[in-house]
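Take a look at the structure set out below.
The values are calculated or read from the model by the stated rules, or taken from the named source; none is laboratory data. What you see is a predicted model; the values in this text were computed from it and never measured. Here Cβ is always computed from backbone atoms with ideal geometry, including for glycine, and neighbour counts include all displayed protein chains.
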Amino acid sequence: MASDSISPMRCVRAWMLAAAVASVLAHHAAAQANATALVTARAPSEFFDLFPSPRPLPAGPTLDISFASGALELSEPVIADWITASARTIAAFYGRFPVDRLEVRVLSAEGSGVRSGSANADAGAALKITLGRAVTRGQLSQDWILLHELAHLAFPEVDRQHHWIEEGLATYVEAIASTKAGRRTEADLWRWFDWGMPKGLPQSGDRGLDHTPTWGRTYWGGAMFCLLADVEIRERTQGRRGLQDALRAIVAAGGNMEVHWPLDRALSIGDAAVGVPVLTELYGKMKATPVDVDLASLWQRLGVAVNGNQVVFNDDAPLAAIRRAITARESES
(Lines give C-alpha, C1' and ligand atoms only; values in the text may rest on other atoms or scores of the structure.)
Protein backbone atom coordinates (compact mmCIF):
# COMPACT_ATOMS: atom_id res chain seq x y z
CA MET A 1 0.00 0.00 0.00
CA ALA A 2 1.38 3.41 -0.87
CA SER A 3 2.11 6.05 1.72
CA ASP A 4 -0.84 8.27 2.59
CA SER A 5 1.29 11.43 2.31
CA ILE A 6 0.79 13.80 -0.61
CA SER A 7 3.67 14.59 -2.93
CA PRO A 8 3.91 18.35 -3.67
CA MET A 9 6.07 17.61 -6.71
CA ARG A 10 3.13 15.84 -8.30
CA CYS A 11 0.57 18.59 -7.77
CA VAL A 12 -1.95 18.96 -10.58
CA ARG A 13 -4.46 21.78 -10.85
CA ALA A 14 -7.66 20.71 -12.61
CA TRP A 15 -10.55 23.16 -12.75
CA MET A 16 -13.99 22.33 -14.09
CA LEU A 17 -16.49 25.21 -14.35
CA ALA A 18 -20.24 25.54 -14.01
CA ALA A 19 -21.32 23.93 -17.26
CA ALA A 20 -20.19 20.47 -16.13
CA VAL A 21 -22.82 20.08 -13.44
CA ALA A 22 -25.32 22.61 -14.78
CA SER A 23 -25.62 20.74 -18.08
CA VAL A 24 -27.05 17.67 -16.34
CA LEU A 25 -29.14 19.52 -13.78
CA ALA A 26 -30.65 22.45 -15.66
CA HIS A 27 -33.81 20.62 -16.62
CA HIS A 28 -34.43 19.63 -12.97
CA ALA A 29 -34.36 23.10 -11.42
CA ALA A 30 -33.94 26.54 -12.92
CA ALA A 31 -32.10 27.62 -9.81
CA GLN A 32 -29.29 25.20 -10.65
CA ALA A 33 -28.82 26.41 -14.19
CA ASN A 34 -25.74 28.42 -13.18
CA ALA A 35 -24.32 25.83 -10.82
CA THR A 36 -20.55 25.57 -10.55
CA ALA A 37 -18.45 22.50 -9.89
CA LEU A 38 -14.83 23.17 -9.06
CA VAL A 39 -12.43 20.27 -9.13
CA THR A 40 -9.03 20.81 -7.54
CA ALA A 41 -6.20 18.29 -7.38
CA ARG A 42 -3.77 19.82 -4.92
CA ALA A 43 -0.66 19.57 -2.81
CA PRO A 44 -0.62 19.83 1.02
CA SER A 45 -2.05 22.97 2.59
CA GLU A 46 1.37 24.58 3.09
CA PHE A 47 1.86 24.52 -0.68
CA PHE A 48 -1.78 25.15 -1.57
CA ASP A 49 -1.61 28.83 -0.66
CA LEU A 50 0.79 29.36 -3.55
CA PHE A 51 -2.10 28.71 -5.92
CA PRO A 52 -5.13 30.84 -5.02
CA SER A 53 -8.39 29.09 -5.86
CA PRO A 54 -11.49 30.74 -7.38
CA ARG A 55 -14.60 30.36 -5.23
CA PRO A 56 -17.40 28.19 -6.66
CA LEU A 57 -20.90 29.60 -6.84
CA PRO A 58 -23.06 28.59 -3.83
CA ALA A 59 -25.24 26.25 -5.90
CA GLY A 60 -22.31 24.14 -7.07
CA PRO A 61 -20.36 21.40 -5.28
CA THR A 62 -16.62 21.52 -4.74
CA LEU A 63 -14.57 18.39 -5.33
CA ASP A 64 -11.16 18.69 -3.71
CA ILE A 65 -9.03 15.91 -5.21
CA SER A 66 -5.58 15.06 -3.87
CA PHE A 67 -3.12 12.37 -4.91
CA ALA A 68 -1.00 10.43 -2.44
CA SER A 69 2.59 9.60 -3.30
CA GLY A 70 3.13 6.59 -5.54
CA ALA A 71 3.27 6.92 -9.31
CA LEU A 72 0.25 5.99 -11.40
CA GLU A 73 0.69 5.23 -15.09
CA LEU A 74 -2.35 7.35 -15.99
CA SER A 75 -2.00 11.09 -15.59
CA GLU A 76 -3.66 12.85 -12.69
CA PRO A 77 -5.89 14.98 -14.98
CA VAL A 78 -7.26 11.79 -16.57
CA ILE A 79 -8.10 10.37 -13.15
CA ALA A 80 -9.60 13.69 -12.02
CA ASP A 81 -11.81 13.67 -15.13
CA TRP A 82 -13.01 10.16 -14.25
CA ILE A 83 -13.87 11.23 -10.71
CA THR A 84 -15.66 14.30 -12.00
CA ALA A 85 -17.68 12.29 -14.55
CA SER A 86 -18.73 9.88 -11.79
CA ALA A 87 -19.80 12.81 -9.60
CA ARG A 88 -21.90 14.14 -12.50
CA THR A 89 -23.61 10.74 -12.82
CA ILE A 90 -24.62 10.86 -9.15
CA ALA A 91 -25.68 14.51 -9.45
CA ALA A 92 -27.89 13.67 -12.43
CA PHE A 93 -29.60 10.85 -10.53
CA TYR A 94 -30.32 12.94 -7.44
CA GLY A 95 -30.99 16.23 -9.22
CA ARG A 96 -28.09 17.76 -7.28
CA PHE A 97 -24.80 16.65 -5.80
CA PRO A 98 -25.59 15.41 -2.27
CA VAL A 99 -22.95 17.47 -0.42
CA ASP A 100 -21.54 20.94 -0.94
CA ARG A 101 -17.91 19.88 -0.62
CA LEU A 102 -16.19 16.54 -1.01
CA GLU A 103 -12.56 15.72 -0.35
CA VAL A 104 -11.32 12.87 -2.54
CA ARG A 105 -7.99 11.20 -1.74
CA VAL A 106 -6.54 9.00 -4.50
CA LEU A 107 -4.22 6.28 -3.20
CA SER A 108 -2.13 3.82 -5.19
CA ALA A 109 -1.28 0.15 -4.78
CA GLU A 110 0.47 -2.59 -6.71
CA GLY A 111 -1.35 -4.05 -9.70
CA SER A 112 -4.10 -2.54 -11.83
CA GLY A 113 -7.78 -1.71 -11.70
CA VAL A 114 -9.81 0.09 -9.06
CA ARG A 115 -8.86 -1.75 -5.89
CA SER A 116 -11.11 -0.33 -3.15
CA GLY A 117 -12.99 2.70 -1.91
CA SER A 118 -14.53 4.12 1.25
CA ALA A 119 -16.60 7.15 2.19
CA ASN A 120 -17.12 8.85 5.54
CA ALA A 121 -18.25 12.16 6.98
CA ASP A 122 -16.45 12.23 10.32
CA ALA A 123 -15.10 15.72 9.56
CA GLY A 124 -17.00 16.64 6.42
CA ALA A 125 -17.67 14.40 3.44
CA ALA A 126 -14.55 12.54 2.35
CA LEU A 127 -13.82 9.63 0.04
CA LYS A 128 -10.75 7.48 -0.49
CA ILE A 129 -10.24 5.51 -3.69
CA THR A 130 -7.31 3.15 -4.21
CA LEU A 131 -6.10 2.53 -7.76
CA GLY A 132 -3.60 -0.03 -9.00
CA ARG A 133 -0.57 1.78 -10.37
CA ALA A 134 -1.16 0.20 -13.79
CA VAL A 135 -4.87 1.08 -13.91
CA THR A 136 -6.11 1.71 -17.45
CA ARG A 137 -8.74 4.00 -18.92
CA GLY A 138 -10.82 0.95 -19.78
CA GLN A 139 -10.76 -0.24 -16.17
CA LEU A 140 -11.85 3.19 -14.96
CA SER A 141 -14.73 3.25 -17.44
CA GLN A 142 -15.95 -0.18 -16.24
CA ASP A 143 -15.58 0.54 -12.53
CA TRP A 144 -18.52 0.48 -10.11
CA ILE A 145 -16.69 1.13 -6.83
CA LEU A 146 -16.39 4.92 -7.11
CA LEU A 147 -20.08 5.36 -7.97
CA HIS A 148 -21.02 3.07 -5.06
CA GLU A 149 -19.03 5.23 -2.64
CA LEU A 150 -20.40 8.47 -4.09
CA ALA A 151 -23.94 7.12 -3.67
CA HIS A 152 -23.23 6.67 0.05
CA LEU A 153 -23.04 10.46 0.34
CA ALA A 154 -26.73 10.77 -0.57
CA PHE A 155 -28.32 9.16 2.49
CA PRO A 156 -28.10 10.11 6.17
CA GLU A 157 -26.13 8.02 8.61
CA VAL A 158 -28.51 5.73 10.48
CA ASP A 159 -28.22 3.43 13.49
CA ARG A 160 -26.04 0.36 13.04
CA GLN A 161 -28.91 -2.13 12.71
CA HIS A 162 -30.01 -0.28 9.57
CA HIS A 163 -26.65 -0.55 7.82
CA TRP A 164 -28.36 -2.66 5.14
CA ILE A 165 -30.21 0.41 3.84
CA GLU A 166 -26.93 2.32 3.45
CA GLU A 167 -25.20 -0.47 1.54
CA GLY A 168 -28.33 -1.62 -0.26
CA LEU A 169 -29.08 1.85 -1.57
CA ALA A 170 -25.49 2.36 -2.71
CA THR A 171 -25.59 -1.00 -4.52
CA TYR A 172 -28.93 -0.25 -6.18
CA VAL A 173 -28.30 3.41 -7.02
CA GLU A 174 -24.86 2.71 -8.50
CA ALA A 175 -26.36 0.21 -10.92
CA ILE A 176 -29.42 2.30 -11.85
CA ALA A 177 -27.59 5.63 -12.09
CA SER A 178 -24.86 4.19 -14.30
CA THR A 179 -27.49 2.64 -16.60
CA LYS A 180 -29.50 5.87 -16.80
CA ALA A 181 -26.28 7.70 -17.68
CA GLY A 182 -25.44 5.26 -20.46
CA ARG A 183 -22.38 3.87 -18.66
CA ARG A 184 -23.96 0.41 -18.39
CA THR A 185 -26.42 -1.33 -20.72
CA GLU A 186 -29.87 -2.43 -19.57
CA ALA A 187 -28.84 -6.02 -20.25
CA ASP A 188 -25.75 -5.62 -18.07
CA LEU A 189 -27.91 -4.21 -15.27
CA TRP A 190 -30.34 -7.12 -15.20
CA ARG A 191 -27.54 -9.65 -15.56
CA TRP A 192 -25.95 -8.04 -12.48
CA PHE A 193 -29.24 -8.03 -10.56
CA ASP A 194 -29.94 -11.63 -11.56
CA TRP A 195 -26.54 -12.61 -10.13
CA GLY A 196 -26.78 -10.53 -6.99
CA MET A 197 -30.38 -10.35 -5.82
CA PRO A 198 -30.66 -14.06 -4.90
CA LYS A 199 -27.77 -13.49 -2.48
CA GLY A 200 -30.03 -11.10 -0.57
CA LEU A 201 -32.75 -13.67 0.09
CA PRO A 202 -33.21 -14.84 3.69
CA GLN A 203 -31.50 -18.05 4.74
CA SER A 204 -32.10 -20.40 7.67
CA GLY A 205 -32.08 -18.48 10.95
CA ASP A 206 -32.76 -15.12 9.30
CA ARG A 207 -34.43 -12.54 11.57
CA GLY A 208 -35.17 -9.77 9.08
CA LEU A 209 -33.03 -7.02 7.59
CA ASP A 210 -32.46 -5.17 10.87
CA HIS A 211 -31.22 -8.28 12.67
CA THR A 212 -29.31 -10.32 10.06
CA PRO A 213 -26.06 -8.44 9.30
CA THR A 214 -24.61 -10.94 6.81
CA TRP A 215 -22.88 -9.77 3.65
CA GLY A 216 -25.67 -11.02 1.40
CA ARG A 217 -28.50 -9.51 3.42
CA THR A 218 -26.64 -6.22 3.99
CA TYR A 219 -25.72 -5.50 0.37
CA TRP A 220 -28.14 -7.49 -1.75
CA GLY A 221 -30.98 -7.75 0.75
CA GLY A 222 -30.84 -3.96 0.94
CA ALA A 223 -30.70 -3.66 -2.84
CA MET A 224 -33.69 -6.02 -3.13
CA PHE A 225 -35.64 -3.79 -0.71
CA CYS A 226 -34.89 -0.86 -3.04
CA LEU A 227 -35.99 -2.73 -6.17
CA LEU A 228 -39.22 -3.90 -4.53
CA ALA A 229 -39.91 -0.35 -3.32
CA ASP A 230 -39.18 1.11 -6.75
CA VAL A 231 -41.56 -1.28 -8.50
CA GLU A 232 -44.33 -0.85 -5.93
CA ILE A 233 -44.10 2.96 -5.92
CA ARG A 234 -44.43 2.98 -9.70
CA GLU A 235 -47.36 0.54 -9.58
CA ARG A 236 -49.26 2.48 -6.93
CA THR A 237 -48.68 5.88 -8.59
CA GLN A 238 -49.47 4.61 -12.11
CA GLY A 239 -45.91 5.36 -13.15
CA ARG A 240 -45.89 8.98 -11.97
CA ARG A 241 -43.28 8.44 -9.25
CA GLY A 242 -40.45 6.07 -8.46
CA LEU A 243 -37.83 5.44 -5.78
CA GLN A 244 -35.62 8.08 -7.42
CA ASP A 245 -38.19 10.74 -6.50
CA ALA A 246 -38.20 9.60 -2.87
CA LEU A 247 -34.40 9.64 -2.70
CA ARG A 248 -34.22 13.10 -4.27
CA ALA A 249 -36.62 14.39 -1.62
CA ILE A 250 -34.49 12.96 1.19
CA VAL A 251 -31.39 14.70 -0.16
CA ALA A 252 -33.31 17.94 -0.74
CA ALA A 253 -34.38 17.86 2.93
CA GLY A 254 -30.73 17.71 4.00
CA GLY A 255 -30.49 13.95 4.35
CA ASN A 256 -26.91 13.19 3.37
CA MET A 257 -24.00 11.37 4.95
CA GLU A 258 -23.01 14.39 7.02
CA VAL A 259 -26.06 14.04 9.30
CA HIS A 260 -27.45 11.27 11.49
CA TRP A 261 -31.18 10.61 11.25
CA PRO A 262 -33.59 8.00 12.55
CA LEU A 263 -34.39 5.72 9.61
CA ASP A 264 -38.12 6.40 10.04
CA ARG A 265 -37.53 10.10 9.31
CA ALA A 266 -35.84 9.41 5.99
CA LEU A 267 -38.46 6.88 4.93
CA SER A 268 -41.31 9.24 5.87
CA ILE A 269 -39.82 12.06 3.80
CA GLY A 270 -39.46 9.72 0.84
CA ASP A 271 -43.04 8.47 1.21
CA ALA A 272 -44.40 12.02 1.38
CA ALA A 273 -42.60 12.91 -1.84
CA VAL A 274 -44.15 10.06 -3.82
CA GLY A 275 -47.56 10.20 -2.16
CA VAL A 276 -47.74 6.56 -1.07
CA PRO A 277 -46.28 5.00 2.12
CA VAL A 278 -44.39 2.24 0.34
CA LEU A 279 -41.04 2.70 2.09
CA THR A 280 -42.52 2.72 5.59
CA GLU A 281 -44.81 -0.22 4.88
CA LEU A 282 -42.14 -2.32 3.20
CA TYR A 283 -39.71 -1.63 6.04
CA GLY A 284 -42.37 -2.71 8.52
CA LYS A 285 -42.69 -6.03 6.68
CA MET A 286 -38.98 -6.73 6.21
CA LYS A 287 -37.20 -5.27 9.26
CA ALA A 288 -37.76 -8.21 11.63
CA THR A 289 -39.26 -10.91 9.40
CA PRO A 290 -37.53 -13.06 6.74
CA VAL A 291 -39.64 -12.18 3.70
CA ASP A 292 -38.99 -14.68 0.90
CA VAL A 293 -39.28 -12.80 -2.40
CA ASP A 294 -40.16 -14.76 -5.55
CA LEU A 295 -37.55 -13.22 -7.82
CA ALA A 296 -38.37 -15.53 -10.73
CA SER A 297 -41.96 -14.29 -10.72
CA LEU A 298 -40.83 -10.67 -10.40
CA TRP A 299 -38.45 -11.07 -13.34
CA GLN A 300 -41.26 -12.58 -15.42
CA ARG A 301 -43.63 -9.72 -14.59
CA LEU A 302 -40.91 -7.19 -15.46
CA GLY A 303 -40.19 -8.99 -18.71
CA VAL A 304 -36.63 -10.10 -17.94
CA ALA A 305 -35.20 -13.52 -18.83
CA VAL A 306 -31.53 -14.19 -18.06
CA ASN A 307 -29.80 -17.29 -19.39
CA GLY A 308 -26.08 -17.11 -18.73
CA ASN A 309 -24.79 -14.04 -20.53
CA GLN A 310 -27.93 -13.73 -22.64
CA VAL A 311 -30.67 -11.34 -21.52
CA VAL A 312 -34.02 -11.25 -23.31
CA PHE A 313 -36.63 -8.57 -22.65
CA ASN A 314 -40.36 -9.12 -23.10
CA ASP A 315 -41.97 -5.73 -23.67
CA ASP A 316 -45.43 -7.29 -23.46
CA ALA A 317 -44.90 -8.33 -19.83
CA PRO A 318 -47.25 -6.77 -17.23
CA LEU A 319 -44.53 -4.58 -15.67
CA ALA A 320 -42.38 -4.02 -18.75
CA ALA A 321 -43.19 -0.29 -18.75
CA ILE A 322 -41.99 -0.05 -15.15
CA ARG A 323 -38.78 -1.87 -16.03
CA ARG A 324 -38.11 0.57 -18.86
CA ALA A 325 -38.95 3.59 -16.67
CA ILE A 326 -36.53 2.52 -13.94
CA THR A 327 -33.59 2.63 -16.36
CA ALA A 328 -34.74 5.38 -18.74
CA ARG A 329 -32.13 7.99 -19.57
CA GLU A 330 -32.64 11.25 -17.70
CA SER A 331 -33.81 13.02 -20.87
CA GLU A 332 -36.46 10.30 -21.34
CA SER A 333 -37.79 10.13 -17.74
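Of the residues Arg183, Arg248, Arg240, Arg236, the single one that is touching a His at 6+ places or on another chain (Cβ under 9 Å), surrounded by fewer than 22 Cβ atoms within 10 Å (Cβ to Cβ) and not β-branched (Val, Ile, Thr) is Arg248.
For Ser116, state whether it is at pLDDT 95 or above and within 17 Å of Ala80 (Cα to Cα). Yes, satisfied.
Would you check if Pro318 is farther than 30 Å from Arg101 by Cα, surrounded by 16 or more Cβ atoms within 10 Å (Cβ to Cβ) and not aliphatic (A, V, I, L, M)? In short, no. Exactly one residue among Gly284, Gly239 is of a type in the set (Gly, Ala, Ser), over 15 Å from Tyr94 (Cβ atoms) and either in contact (Cβ under 8 Å) with a residue 60 or more places away in the chain or in the same structural domain as Val99 (by TED's automatic domain parsing) (or both), and that residue is Gly239. Considering each of Leu146, Leu140 in turn, give the residue that is crowded, with 22+ Cβ neighbours inside 10 Å and in contact with a helix residue (DSSP H, G or I) (Cβ under 9 Å, 6 or more places away or on another chain). Step by step, each of Leu146, Leu140 is checked, and only Leu146 is crowded, with 22+ Cβ neighbours inside 10 Å and in contact with a helix residue (DSSP H, G or I) (Cβ under 9 Å, 6 or more places away or on another chain). When Lys285 is tested against (1) in contact with a helix residue (DSSP H, G or I) (Cβ under 8 Å, 6 or more places away or on another chain); (2) modelled with pLDDT of 95 or more; (3) not small (Gly, Ala, Ser), exactly one condition is not met: (1).
Can we say Ala223 is closer than 21 Å to Ala92 by Cβ, touching a residue at least 24 places away in the same chain (Cβ under 8 Å), small (Gly, Ala, Ser) and buried (at least 18 other Cβ atoms within 10 Å of the Cβ)? For Ala223, the condition - closer than 21 Å to Ala92 by Cβ, touching a residue at least 24 places away in the same chain (Cβ under 8 Å), small (Gly, Ala, Ser) and buried (at least 18 other Cβ atoms within 10 Å of the Cβ) - is met.
Taking the criterion of being part of a helix (DSSP H, G or I) and of a type in the set (Val, Ile, Thr), the residues of segment 259-274 that qualify are Ile269, Val274. Residues that are in contact with a Pro (Cβ under 9 Å, 6 or more places away or on another chain) and closer than 24 Å to Asp143 by Cβ are absent from segment 260-269.
Residue count for segment 87-99 satisfying the condition of being touching a strand residue (DSSP E or B) at 6+ places or on another chain (Cβ under 7 Å) and surrounded by fewer than 24 Cβ atoms within 10 Å (Cβ to Cβ): 0. Against the list (1) crowded, with 20+ Cβ neighbours inside 10 Å; (2) touching a residue at least 40 places away in the same chain (Cβ under 8 Å); (3) more than 22 Å from Arg217 (Cβ to Cβ), the condition Gly303 fails is (2). Within segment 257-279, residues that are surrounded by fewer than 16 Cβ atoms within 10 Å (Cβ to Cβ) reach partners that are in a strand (DSSP E or B) and not aromatic (Phe, Trp, Tyr) with beta carbons closer than 8 Å, at six or more positions or on different chains, in the pairs Val259/Glu157; His260/Glu157. For Ala80, the criteria (1) farther than 19 Å from Glu174 by Cβ; (2) in a loop (DSSP other than H, G, I, E, B) hold in every case but one, which is (2).
Just a yes or no: is a residue in segment 200-208 among the polar types (S, T, N, Q) and either closer than 28 Å to Arg329 by Cα or crowded, with 20+ Cβ neighbours inside 10 Å (or both)? No - not one qualifying residue is present in segment 200-208.
For the residues Ala317, Ala325, Ala305, the requirement of being of a type in the set (Gly, Ala, Ser) and in a strand (DSSP E or B) singles out Ala305.
Of the listed requirements (1) more than 18 Å from the chain's Cα centre (by Cα); (2) under 20 Å from Arg183 (Cα atoms); (3) buried (at least 16 other Cβ atoms within 10 Å of the Cβ), Ile83 misses just one: (1). When residues in segment 128-144 are screened for being assigned to a loop (DSSP other than H, G, I, E, B) and not hydroxyl-bearing (Ser, Thr, Tyr), 6 of them pass.
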